[in-house]
Amino acid sequence: MSEALVAVEAAGTDTSVPAASGARQFWRRLRTQRAALVAAVVVALLVLVALAAPLLTAIEGQDPTTYHPSLVDSARGGVPVGSFGGAGADHWLGVEPQTGRDLFARLVYGARVSLGVALAATVVQLVLGVVVGVAAGLGNRWVDLVLTRVADIFVAMPLMIVALALLAIVPAGFPRPVLVALVVGLVSGWGTLAKMVRAQTLTLKQLDYVAAARLSGWGTVRIARRELLPGLAAPVITFAAILVPTNITVEAALSFLGVGVKPPTPSWGQMLTSADVWYQAAPQYLLLPAGALFLTVLALTVLGDGVRTALDPRASSRLRVGTGRRREAS
Amino acid sequence: MTGFGGFVLRRAVGALVTLLVLSVIIYVVFYVTPGNVAQITCGPRCSPAQVQQVAEQLHLNDPLFERYWHFLQGLVAGQDYSTGTAVQHCSAPCLGLSYQSDQQVTALILAKLPVTASLALGAMVLWLIIGVGTGVLSVWRRGRPTERLLTTLTLAGMSTPVFVIGLVLMIVVCGQLELLPFPQYVAFTEDPEQWAWNLLLPWLSLALIESATYARLTRAAMLETLAEDHVRTFRAYGVGERAIIRRHALRGAVAPLIAVNANNIGVLFGGAVLTETLFGLPGIGREMVEAVKVVDLPVVVGMVLVTGFFVVLANAVADVLYAVADRRVVLT
């Protein structure tokens, strides 16, 4: 059955169908990009590893928090005993210097923290950005003015500095990964998104089908949900694809500085904090978290590029820089 | 209000509001946080009476509004502080005294600024050269292996956190090859040569990462210009590829480059937190990390304001330059 026929047939039964055929088209365009497909597979594997972290470490027979003092040479300042940083059948990737904690376990649990925090922060950014943007676009002059100003303030906010300040003053009792996700989500990213959504809403508002909905007596909330959100999906998804890798970097940076996720919870950024001291005795202690971080961000960036090209084919010829990812962490 | 004056005024008011809101947010969060600032400031061995005294002296028990009002007064009119026996006058714009050292925050920031400025400006020169160079080269060699290689490298640059590349550079160059000693900041006024050698790795780390963005931007803008009709006309007239790239395509990239560069520089002037921490450079970013760890409220607020100020200033300058570089832009 041809694509058009499917759309016509479905249109008679369900209003959500334009989105469904859009999704189909999206997949078709994404499939043609080899790099994006490879990236998607890598991302899927990473998510799988993160989800299966307890299972993987159970197979290895280790956990990320148990100290193994017998595996580090305290006479030499805590260097792992044995070659390759203590790697072997028991500890697949060796152990952490000084504490002797299992490196493989910390790495895969670190993937959980990294991806989990980044995704949670992205959700916060998306919800805030879309709600504020749509409200500004649909609201009266004053609502628009105030919300746009607020968004402007958050666009100008220096993320690293403000996040540092906020993270340092919240007491230790608060669950740290949740806090990091909240702070990153609240402070960064959503201001730009809100401004973009507002502009898009203003454009969509003029269109006939929205006017028709209004004339038939629909309320603002219903119009926003049923008529505007589908039209906003493409730019918002594109933006989300840029936000996720940025958030991963930011989480790693904050943990690297010692204000993000705190021990004993493992995090890639936090593993790198003391890695430079140990690079000679246990190079994998530096290379593994650095490599994991690099691979994750690279895969997500390539996938994000692919998603953008698939959603806006013209962007590929313009060379997909349009929404330009702002480097937050320097 | 129209024209240039109106633009400047609107921008200044907007910036002021932004900065004030930032300071209010920090104050409120500090205020609602139950952490014991007086105890931290006084030190772990202080008696309850001493802690109480510190709290009194720092006005930690005053209501939020009063403290913030105090802060605003200092900012506008200056403030006298009694530190133990002596009275210290802090003239406007006064950001208060550090809880830790009783030093004036403005003086503290001014002392750190040269380090951060050295880092930011040097890195900027490098990232513009590397980034724009890469972008131009990949357009010049488009469709050939060189372009593929450069695009891949750019992608890798975009995906590496600055502290990772900094760590690797430091370990390889200083640790393994021993080409350079581990960086240790030397002031420019002291010894310009040592200043440059010691900043080389921090500059490179920042520049390699940032240049990826510039390479992409340059390439995209140039390709867009090359696809335009007037370039086709030039080609038809027999203008060479080299001249087209230099005279026409590159011009199209100038405006977006200015905008992104201004933003980056603004953020960096407020402290390259990661780079400074990694290389132990005593700049604004590292001071911020230290201040945050001991909940030194005046220093934190002061640094956030200064950073915000630089970001807003840089963006306003960018808007003006943008309009100069591209006559079609209207300032609003």
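Quick check on chain B: helices-only [θ] at 222 nm, where DSSP H runs of length 4 and up contribute -39,500 (n - 2.57) each and the sum goes over total residues. Nearest 500, please.
-23000 deg cm²/dmol, from helical runs alone.
Would the protein assembly as shown count as rounded, prolate or oblate if I go by the C-alpha gyration tensor, calling it rounded below 1.5 in a/c and otherwise prolate when a/b exceeds b/c, oblate otherwise?
In terms of gyration-tensor shape, rounded.
Can you list the residues, at least 5 places off or on another chain, whose amide H is less than 5 Å from the amide H of A:Val79, using H built in the peptide plane?
The answer is A:Asp73, A:Gln98.
Could you give log10 I(q)/I(0) at q = 0.23, 0.29, 0.32 Å⁻¹ for segment A:155-203, computed by the Debye formula over C-alpha point scatterers of equal weight, without solvent?
Values returned for q = 0.23, 0.29, 0.32 Å⁻¹ are -0.81, -1.04, -1.15.
Please turn the phi angles of segment A:91-96 into ³J(HN,Hα) values with the Karplus equation 6.51 cos²θ - 1.76 cosθ + 1.60 (θ = phi - 60°), one per residue in order, whole Hz, x for glycine and proline.
10, 4, 10, x, 10, 6
Within a 10 angstrom radius of each residue's Cβ in B:277-288, how many Cβ atoms of other chains show up on average? Whole number is fine.
Per-residue shielding by partner chains comes out at 2.
When only alpha-carbon atoms are used, what values of Rg and Dmax, in angstrom, describe segment B:3-90?
For segment B:3-90, the Cα radius of gyration and maximum Cα-Cα distance read 17.5, 62 Å.
GNM on chain B, C-alpha springs below 10 Å: top fluctuator among B:Ala227, B:Ala12, B:Ala212?
Of B:Ala227, B:Ala12, B:Ala212, the Gaussian network model singles out B:Ala227 as fluctuating most.
Quick one: work out Rg over Rh on the C-alpha atoms of segment B:185-332, Rh as Kirkwood radius.
1.12
For B:Leu95, enumerate residues with amide H under 5 Å from its amide H, sequence gap 5+ or separate chain, H modeled in the peptide plane.
B:Val105, B:Thr106
Which helices, counted as full DSSP H runs in chain A, have an axial Cα extent of no less than 24 Å and a Kyte-Doolittle average of 0.0 or above?
Within chain A the helices that satisfy the rule are A:34-51, A:103-138, A:229-256, A:284-311.
List the aspartates and glutamates whose Cα lies under 16 Å from the Cα of A:Lys195, skipping any in the same chain that are fewer than 8 positions away.
A:Lys195 reaches A:Asp144, A:Asp152.
Go ahead and run the numbers for FRET between A:Val221 and B:Leu180, Cβ-Cβ distance against an R0 of 51 Å, rounding to 0.05.
That pair, A:Val221 with B:Leu180, gives E of 0.25.
Defining a contact as two alpha carbons under 8 Å apart and six or more residues distant in sequence, what relative contact order in percent does segment B:105-331 show?
Result for segment B:105-331 is 27 percent.
Could you give P(r) for chain A, binned at 10 Å from zero, as whole percent values over all Cα-Cα pairs?
Final binned percentages: 5, 22, 27, 23, 13, 7, 3, 0, 0.
Let me see the pair-distance distribution of segment B:45-119: every alpha carbon pair, 5 Å bin width, integer percents in order.
Cα pair-distance distribution for segment B:45-119, in percent: 3, 14, 20, 23, 18, 11, 7, 3, 1.
So if R0 is 41 Å, what FRET efficiency would A:Ala75 and B:Thr152 give, r being the distance between their Cβ atoms, rounded to the nearest 0.05?
Plugging the Cβ-Cβ distance into 1/(1 + (r/R0)^6) gives 0.35.
With a/c under 1.5 counting as rounded, go ahead and sort segment A:238-307 into rounded, prolate or oblate using the C-alpha gyration tensor (a ≥ b ≥ c being the square roots of the eigenvalues; past the cut-off, prolate if a/b is larger than b/c, else oblate).
oblate
Report the convex hull volume per residue for chain B, counting only C-alpha atoms, in Å³.
Given the Cα convex hull of chain B, per-residue volume reads 184 Å³.
How far apart, in nm, are the 7 Å Cα→Cβ label points at B:Leu9 and B:His230?
3.5 nm
Among B:Ala86, B:Ala107, B:Ala187, which one moves the most in a GNM of chain B with springs linking Cα atoms closer than 10 Å?
B:Ala86
Per residue, how much accessible area does chain B show when a 1.4 Å probe rolls over the protein heavy atoms, in square angstrom?
Here the per-residue accessible area is 49 Å².
Would you kindly derive the ³J(HN,Hα) couplings of segment B:138-144 from the backbone phi angles with the Karplus curve 6.51 cos²θ - 1.76 cosθ + 1.60 (θ = phi - 60°), listing them in order in whole Hz, with x for Gly and Pro?
Once θ is set to phi - 60°, the couplings for segment B:138-144 become 6, 6, 4, 9, 5, x, 10 Hz.
Which whole-Hz couplings ³J(HN,Hα) result when phi for each residue of segment B:283-293 is put into the Karplus expression 6.51 cos²θ - 1.76 cosθ + 1.60, θ = phi - 60°, listed in order with x for Gly and Pro?
x, 5, x, 5, 4, 4, 4, 4, 4, 5, 5
Check the cysteines of chain B one by one and keep only those with no other cysteine Cβ under 4.7 Å from their own.
Within chain B, the cysteines lacking a partner Cβ under 4.7 Å are B:Cys174.
What distance in nm separates the simple spin-label points at B:Ala323 and B:Arg141, each placed 7 Å from Cα in the Cβ direction?
With each label point 7 Å from Cα toward Cβ, the separation is 4.1 nm.
About the Cα centre, and with charges only on the beta carbon of Lys, Arg (+1) and Asp, Glu (-1), how big is the dipole of chain A? Nearest 20 debye, please.
1120 debye
Rounded to the nearest 100 Å², what's the accessible area chains B and A bury against each other, both chains counted, probe 1.4 Å?
4400 Å²
Please build a GNM for chain B, connecting alpha carbons under 10 Å apart, and tell me which residue among B:Ala77, B:Ala272, B:Ala196 fluctuates the most.
Residue with maximal mean-square fluctuation among B:Ala77, B:Ala272, B:Ala196: B:Ala77.
Please list the non-local residues whose amide H lies under 5 Å from the amide H of B:Gln88, H modeled 1.01 Å from N, same-chain partners needing a gap of 5 or more.
Those qualifying (amide H under 5 Å, at least 5 residues apart or on another chain) are B:Tyr81, B:Ser82, B:Thr83.
The values are calculated or read from the model by the stated rules, or taken from the named source; none is laboratory data. All of these numbers come straight from a predicted model, not from anything done at the bench. Note that each Cβ is placed from the backbone with ideal geometry, even for glycine, and that neighbours are counted across all protein chains shown. To get the accessible areas, we keep the full protein, side chains included, count just its heavy atoms, and leave off ligands, DNA and RNA. Shrake-Rupley method; radii C 1.70, N 1.55, O 1.52, S 1.80 Å.
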